[in-house]
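Report on the structure given below.
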Amino acid sequence: MPVITLPDGSQRTYDQPVTVAQVAASIGSGLAKAALAGKVGGKLVDTSSTIAQDAALEIVTDKHPDALEVIRHSTAHLLAQATQALFPDAQVTIGPVIEDGFYYDFAYKRPFTPDDLAAIEAKMAELSKADLPVQRSEMPRDEAVTFFKAKGEHYKAEIIASIPAGETISLYGQGEWVDLCRGPHVPSTGKLKVFKLMKVAGAYWRGDSRNEMLQRVYGTAWTSEKDLKDYLTRLEEAEKRDHRKIGRELDLFHMQEEAPGAVFWHPKGWRVFQSLIAYMRDKQQAAGFDEVNGPELMDRSLWEASGHWEKFGENMFTTQTPDERVYAIKPMNCPGHVQIFRQGIRSYRDLPVRFAEFGKVHRYEPSGALHGLMRVRAFTQDDAHIFVTPDQITSESVAVTKLILDIYRDFGFDDVRIKFSDRPAKRVGSDEIWDRAEAALKAAADAAGIAYSLNPGEGAFYGPKLEFVLRDAIGRDWQCGTLQVDLNLPGRLGAHYIDEHSQKQTPVMLHRAIFGSLERFLGILIEHHSGRLPAWLAPTQVALLSITDRQDDYLRALSESLKNQGLRVETDLRNEKIGFKIREHTLQRVPYLLVAGDKEVAAGLVSVRTRNGKDLGQMTPQTFVERLGIELGSRGRRTLED
RNA sequence: GCUCACGUAGCUCAGUCGGUAGAGCACGUCCUUGGUAAGGACGAGGUCACCGGUUCGAUUCCGGUCGUGAGCUCCA
């Protein structure tokens, strides 16, 4: 006699075990029709699932927060069914739900083409229209292995074989087609109406690059046409803010074949780059860091000692010189900083020693990994290494954490997530050292009062790390900052200090980066702001526009004056109409356009217009500079428009 | 590195079922001195990524290389 408690708190009592569908039907026929799944005691189940005990039940309709999960999962099945209907010898593997959609991996003798995709999508629509009931059944594991082997589904059989023996496997069938699946699924294929196949790509079986490559079909599915349309619009908007496109439009940088993965910075892009460096220089100087600079090339013996040669030799650029020596172009700055630390004798009284460098590093990344500014082979790190005694780890880590979060706020990134990455499989140093390093970093994170999630096995080869992840304007996450506790490299590279008992000790090294890669950080900023960089970072802050050539002298003098006050100014005296000039500089995302015609010249004023199209009226240049000064000083938290 | 797609003017793209190419914008010259998102006329501009092959002839077909894009793998 199950008593079912509904979300509104009401209870219904049934004489015998009931299915979710039956409960829905007993409430109303509309609900019965709309039911996609059920949630019993917080667990998603099929509408055909039977409830025998008292339970809390939510009927999952397309209004329910979990509806998309179920729909996407079922649509992945529909995709597999359609694919096998058209390509009977394609084998199924896995088809999970991912953010905004799903995918399904198939093993097939040839890659699918865009035409295949269109055909599969049409078949899916046909199967949806047929409204095939989806039926769940069960089978013992070993029987399931035999069943799928007999069907020629070797990948599926392999998946089932890895499930513990004796377990019962659930199968879902729709029409003639059947697949292994945990479920739950919608009650019939007719519930799946709003979907679109997005792209096809290769993917390794079980995610291992040594395995064969499968055909992965990506799709998206929603509860309404409007949601699908919004999603596609969202993709278009993201494309519009692509930093590669904006970088070209705003003449910030370019890349070319002869230097794959390396950036040619144009004057405007380099201005922004230099603004980032100037900002960081101020910040870290105030935080007690000393800037240093290490060599780009160092003999391979040094990289052997550090462990880089063994762990990352494949990814290092090397050079053979006429003196028959092999040098590596630095992929990291830390070994260089240790060399600087090693000069002379350090006392515990000198610690912490904080070395910072805007070090350009080169890493031979796999060609397929390159991506605009986001993944390059040559980049500049805002890298620092802090040499400390073991009992300084916590206080220094807390200070660095605060500095990182403080700096992100200046860029408008208030939503920062932190991950704790512990020892990776490929590492140097004993487990005992790793135990200590991880414990120290955890203690430091706790002392800093930050919440973090675990990211197992993702630490650096020499130590565990905290990773700082930014969330941008359109909700994408970017891992930028990092703080690492390193109990390995200082010892391997022979760094020492003398403690208060006159004993030689090995310092602990904290690695820290805040922007991470300046190239990438700038790419993130471009996309975050859609190219409309805040005035304190904008390559050109002010454009001076004349109406006719009678204002030339006035604007030339004004330009000189603004530049002398430290502003980045462009003057447009071309023989063009003002509307044309406004359009061009607005498209160039120049924050403020100062227009002067005869009226302004006569009164000693300028008309101020923002790149957002707002007219701020006339004011004296002095007033403009003062108000802009407030905006720059507040890093854009207060703008002229406010 | 792997799979697939792509590479035509500075940019965005069209085109050639094999006979050495075209638009818009940008650029140059001239006209226009115009008040808040595109004034007009004329002009110049391409080794059709690179290297081979097939062919009387290749930008087009075939093979390779390089690069780019999407995804996978990787990211000290």
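Values in this text are rule-based calculations from the coordinates and carry no lab data. In this text, all values refer to a predicted model and were calculated from it rather than measured experimentally. A quick note on method: Cβ atoms are made from the backbone with ideal geometry, for glycine too, and the neighbour counts reach across all protein chains shown.
Once you keep just the Cα pairs under 8 angstrom separated by 6 or more residues, what percentage relative contact order results for chain A?
8
Just how far, in whole angstrom, is the stretch A:378-415 from the stretch A:272-313 if you go by their alpha carbon centroids?
Each part's Cα centre sits 14 Å from the other's.
Can you run phi through the Karplus equation (6.51, -1.76, 1.60; θ = phi - 60°) for the stretch A:512-528 and list ³J(HN,Hα) in whole Hz, with x for Gly and Pro?
8, 9, 10, 6, x, 9, 5, 4, 5, 4, 5, x, 5, 4, 4, 6, 4
Give the cross-link partners of A:K581 among the lysines, using a straight C-alpha distance below 17 Å as the criterion and excluding same-chain residues fewer than 8 apart.
Here the lysines satisfying the reach criterion relative to A:K581 are A:K614.
Using only Cα atoms, tell me the angle between helix A:431-448 and the longest principal axis of chain A; keep it within 0 to 90° and round to the nearest 10.
For helix A:431-448, the angle is close to 80 degrees.
Quote the relative contact order of the stretch A:67-238 in percent (integer), defining contacts as alpha-carbon pairs under 8 Å separated by 6+ residues.
Relative contact order of the stretch A:67-238: 28 percent.
Counting C-alpha atoms alone, how compact is chain A: give Rg to one decimal and Dmax as a whole number, in angstrom.
Final numbers for Rg and Dmax: 31.0, 94 Å.
In terms of the ratio Rg/(2.2 N^0.38 Å) built on C-alpha atoms, what value belongs to the stretch A:501-642?
Ratio of Rg to 2.2 N^0.38 Å for the stretch A:501-642: 1.41.
Quick check: the angle from helix A:67-86's long axis to the longest principal axis of chain A, C-alpha only, nearest 10 degrees?
Relative to chain A, helix A:67-86 is tipped by roughly 70 degrees.
How far apart, in nanometres, would the label points at A:E143 and A:N564 be if each is projected 7 angstrom from Cα along the Cα-to-Cβ direction?
Spacing of the two 7 Å Cα→Cβ label points: 9.3 nm.
If you average 1/r over all unlike Cα pairs in the stretch A:3-60 and invert the result, what Kirkwood radius do you get in angstrom?
Final number for the Kirkwood radius of the stretch A:3-60 is 10.9 Å.
Would you list which lysines come within 28 Å of A:K330, measuring only between C-alpha atoms, while excluding same-chain residues fewer than 8 positions from it?
Answer for A:K330, where 28 Å is the Cα cut-off: A:K268, A:K283, A:K311, A:K360, A:K419, A:K426, A:K465, listed by chain and number.
With the convex hull built on the Cα atoms of the stretch A:253-528, state its orientation-averaged projected area in nm².
15.5
For the residues A:R375, A:R325, what sequence is obtained by ranking on other C-beta atoms within 10 Å, fewest first?
With the sparsest Cβ surroundings first, the list reads A:R325, A:R375.
In nm, to one decimal, how far is the modelled label at A:R136 from the one at A:L370, with both set 7 Å along Cα→Cβ?
Reported label-point gap for A:R136 and A:L370 is 5.0 nm.
Residue separation times 0.36 nm, minus the C-alpha to C-alpha distance between A:Q479 and A:R210: what's the value?
Additional length available on full extension: 94.1 nm.
From the alpha carbon gyration tensor of the stretch A:90-212, can you work out the equivalent ellipsoid semi-axes (sqrt of 5 times each eigenvalue) and give them in Å, largest to smallest?
Its equivalent ellipsoid spans semi-axes of 24, 21, 13 Å.
Note the full-extension length gain between A:R234 and A:T168 as 0.36 nm times their separation in residues minus their Cα-Cα distance, in nm to one decimal.
So the extension gain works out to 19.6 nm.
Past 30 Å, Cα to Cα: identify those pairs from A:K123/A:K151; A:K245/A:K599; A:K63/A:K151; A:K129/A:K156, in the order given.
Checking Cα-Cα distances, A:K245/A:K599; A:K63/A:K151 exceed 30 Å.
Highest mean first, what order results for A:256-266, A:347-357 on Cβ atoms within 10 Å?
Highest to lowest by the protection proxy: A:347-357, A:256-266.
Pairs of alpha-carbon atoms within less than 8 angstrom and 6+ residues apart define the contacts here; what relative contact order does the stretch A:518-634 have, in percent?
Once normalised by length, the contact order is 25 percent.
From the alpha carbon gyration tensor of the stretch A:299-446, can you work out the equivalent ellipsoid semi-axes (sqrt of 5 times each eigenvalue) and give them in Å, largest to smallest?
Here the semi-axes work out to 28, 22, 17 Å.
Using only Cα atoms, find the angle between the long axis of helix A:267-286 and the longest principal axis of chain A, and express it within 0 to 90 degrees, rounded to the nearest 10.
Taking the Cα atoms of chain A, the angle to A:267-286 is about 80 degrees.
Starting from the Cα of A:A201, step 7 Å along the direction of its Cβ; do the same at A:A278; then give the gap between the two resulting points in nm.
Label at A:A201, label at A:A278, 3.9 nm between them.
Divide by every residue of chain A the summed helix terms, -39500 (n - 2.57) for each DSSP H run of at least 4, and state the resulting mean residue ellipticity at 222 nm, rounded to the nearest 500 deg cm²/dmol.
So the calculated ellipticity at 222 nm is -10500 deg cm²/dmol.
Using a 10 Å cut-off around each Cβ, can you sort A:I163, A:I59, A:I340 from fewest to most neighbouring Cβ atoms?
Going from least to most buried by this count: A:I163, A:I340, A:I59.
What is the Cα centroid distance between the stretch A:584-642 and the stretch A:143-206, reported in whole angstrom?
Measuring centre to centre over Cα atoms gives 62 Å.
Given Cα positions, please report Rg to Rh for the stretch A:251-310, the hydrodynamic radius being the Kirkwood one.
Result for the stretch A:251-310 is an Rg/Rh of 1.12.
Which residues in the stretch A:518-546 have a backbone N closer than 16 Å to a point placed 7 Å from the Cα of A:A259 along the Cα-to-Cβ line?
Flagged as within label range: A:518-520.
State the extension gain, in nm to one decimal, for the chain segment bounded by A:R532 and A:S453, taking 0.36 nm per residue of separation less the distance between their alpha-carbons.
25.2 nm
Which percentage, to the nearest 5, of the DSSP beta bridges contained in chain A is antiparallel?
Antiparallel: roughly 85 percent of the beta bridges in chain A.
Can you sort A:E176, A:E58 from fewest to most other Cβ atoms within 10 Å of each residue's own Cβ?
Ascending Cβ contact count within 10 Å gives the list A:E176, A:E58.
Based on the mean of other Cβ atoms within 10 Å per residue, sort peptides A:87-99, A:437-449 so the most packed one is first.
A:437-449, A:87-99
Rg and Dmax of the stretch A:490-536 over Cα atoms: what are they, in angstrom?
Calculated on Cα positions, Rg and Dmax stand at 20.3, 57 Å.
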